[in-house]
Ligand SMILES: [Zn+2]
């Protein structure tokens, strides 16, 4: 796919793309604790299973990308060996590692999902301080529901109590909502708004599970549908986890094509639906963004994990997906290497792909610059009203 020529065009485009600010529209905090070799190996994989004896998670595209792109930021040679890398990381300490990796990513705004495993992560203020950028919050619907359910009470009151609590949370400077229904149920749900009777029955079943000692983890489709429709009513951009994720996800049920009926029903509301990550369903997501005015998408997290091969993913993200409806995201959770790689690899992928098109005469350089700006920050500024 990459051509030998086009060096001059790529250099001209790289100068522009490398200087663009990015809005990372879906991301989590960076880890604030020190990591040893094993600790780092645990968090550069989406698998939550034990490490496989005799193998290393450094032997992967993301592992190679860390050694290539993050090692120089920590003052090492490119491709430094994993043990050398980890030793340098420990020598610098987490504050300095975060400051260097976040601060050199060129991200102006982090829109942070605060709903998942946050104990060892920098919070909004911590991310802003470490990066020198702005940090805004995206609220996870299921976390709000679980907070409401933990208070107990009558199942018939859950629906309005959730709406009330969501409204309070959204009033606290929040820029969007996030659903992990892909993890909790999959996209094969009845797309209609639940009736009061359905919602009460769903909440009653869930509350009975909690009463018998279960964690307040919402997975009932009737309740989950209420969360989605409440977010549609609230009007802020609604993010969906799609595709690639940890072992909680059943990948076959995380195909966004299964969301088509929900997207159609939600279309008149005008609430923006943001399909996150999407790999390996990024082509399905791009199609949905092509057809439906309320759909946007990104290829976050997959860019990090595909490493050198992310160039092809970036090319595929520029097929039928309208350029005005794709956003940049790293979806980094944990080590700041992932935050850094999201930015570096997207810039590199876009420059390589669009640079080839400019070199071949298919695209004008001015158009390549313009599309880069759209994906880097303009689309996010518009959809989230960042101004
Ligand atoms: Zn995420």
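Values in this text are rule-based calculations from the coordinates and carry no lab data. Note that the structure is predicted; figures quoted are calculated from it, not measured. Cβ: placed from backbone, ideal geometry, glycine included. Neighbour counts: every protein chain shown.
Observations on the structure shown:
- Computed from Cα atoms, the angle from the helix 336-359 axis to the main principal axis of the chain rounds to 60 degrees.
- In the range 249-326, Cα pairs under 8 Å separated by at least six residues give a relative contact order of 30 percent.
- For the pair the range 339-387 and the range 260-291, the centres of their Cα atoms are 21 angstrom apart.
- Separation between Cα centres of the range 37-93 and the range 137-162, rounded to whole Å: 39
- Relative packing of peptides 271-282, 357-368 - highest average C-beta neighbours within 10 Å first: 271-282, 357-368
- As a length-normalised measure over Cα pairs under 8 Å and 6 or more apart, the relative contact order of the range 124-208 settles at 38 percent.
- Taking the C-alpha atoms only, the angle from helix 221-234 to the longest principal axis of the chain is near 70 degrees.
- Projected label distance in nm at residue 251 and residue 382, using a 7 Å step from Cα toward the beta-carbon: 3.4
- The range 15-144: antiparallel DSSP beta bridges as a percent of all, rounded to 5: 10
- Two-site label geometry, residue 47 and residue 87: point separation in nm, points 7 Å out along Cα→Cβ: 2.8
- Short-range pairs are left out: with C-alpha atoms under 8 Å and at least six residues apart, the relative contact order of the chain is 23 percent.
- Cα long-axis angle, helix 158-170 against the chain (0 to 90 degrees, to the nearest 10): 40
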